[in-house]
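The structure under discussion appears below in the form of structure tokens.
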Amino acid sequence: MNNEISLTITGNLTRDPDLRFFKEGAAVVYMTVAHTPRVWSAAEKDYVAGVTTYMDVEVRSKGSERQNDYVQRISEELQKGDRVMATGMLVTKERKRDGETIRSLSLIADEVAVSNRFVSITINRKPKPTPSAPEEAAWTAAPVPTSPDSQRPPLAGWDS
């Protein structure tokens with residue numbers, strides 16, 4: 001992992017995420033994120049749209065149920081036009097077409113999240129389990145000392 005290029009991209013999805021499963025049970029979701037910067041134009045004396053960058057993004061699982069659930073949630077919760085942030089490893093892919101090698105960049109994402117810059121989002125959390133009785137707690141509280149000096153050892157060479 002020494003030569004990996006870490007990248008975070010923020011932009012809009014150009015299409016709905018495409019979920020696929022492999023024979024081994026691993027899931028992968030494909031999407032494309034587009035980012036168009038706003039640049040200052042001296043001629044226009046205003047900001048104008050710059051050149052759009054398109055980045056293919058993949059989120060892969062190793063086949064475990066938990067990882068597959070994460071990849072499936074991405075495909076179900078996101079849709080074309082959503083503003084997202086994706087972070088992961090930038091890779092170069094090669095393929096042959098008409099005898100020529102074509103290279104393209106892709107982001108193998110570890111995480112994809114909805115951006116809340118222009119919209120409000122709601123987070124749905126599972127409620128935390130609470131112990132039904134005090135004896136079920138995993139720990140017990142220790143008594144708090146009343147005097148901070150009662151916990152300190154005497155200093156050598158000093159008379160108290």
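The values are calculated or read from the model by the stated rules, or taken from the named source; none is laboratory data. Fair warning: this is a prediction, and the values are worked out from it, not measured in the lab. Because the Cβ atoms are built from the backbone with ideal geometry, glycine has one as well, and the counts that use them run over all protein chains shown. For the accessible areas, the whole protein counts, side chains as well, though only heavy atoms, and no ligand, DNA or RNA atoms are used. Shrake-Rupley method; radii C 1.70, N 1.55, O 1.52, S 1.80 Å.
State all residues of the range 1-12 that are open to solvent by 60 Å² or more (accessible area, probe 1.4 Å), in a strand (DSSP E or B) and not small (Gly, Ala, Ser); if no residue qualifies, say none. Let's see the steps before the verdict.
Looking only at the range 1-12, we keep the residues that are open to solvent by 60 Å² or more (accessible area, probe 1.4 Å), and these are 1-6, 8, 12.
Keeping just the survivors that are in a strand (DSSP E or B) gives 5-6, 8, 12.
Those that are open to solvent by 60 Å² or more (accessible area, probe 1.4 Å), in a strand (DSSP E or B) and not small (Gly, Ala, Ser): ILE5, THR8, ASN12.
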Could you please let me know if GLU58 is of a type outside the set (Ser, Thr, Tyr) and loosely packed, with under 12 Cβ neighbours inside 10 Å?
no
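Return a yes/no flag: does the range 38-52 have any residue that is open to solvent by less than 60 Å² (accessible area, probe 1.4 Å), at negative phi and under 19 Å from the mean Cα position of the chain (by Cα).
As a first pass, look at the range 38-52 and keep what is open to solvent by less than 60 Å² (accessible area, probe 1.4 Å): 41, 48, 50, 52.
Add one more test, that the residue is at negative phi, and what stays is 41, 48, 50, 52.
Now narrow it down to the ones that are under 19 Å from the mean Cα position of the chain (by Cα): none.
No, the range 38-52 has no match at all.
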Out of the residues in the range 80-115 that are in contact with a strand residue (DSSP E or B) (Cβ under 7 Å, 6 or more places away or on another chain) and not in a strand (DSSP E or B), which is surrounded by the fewest Cβ atoms within 10 Å (Cβ to Cβ)?
GLY81
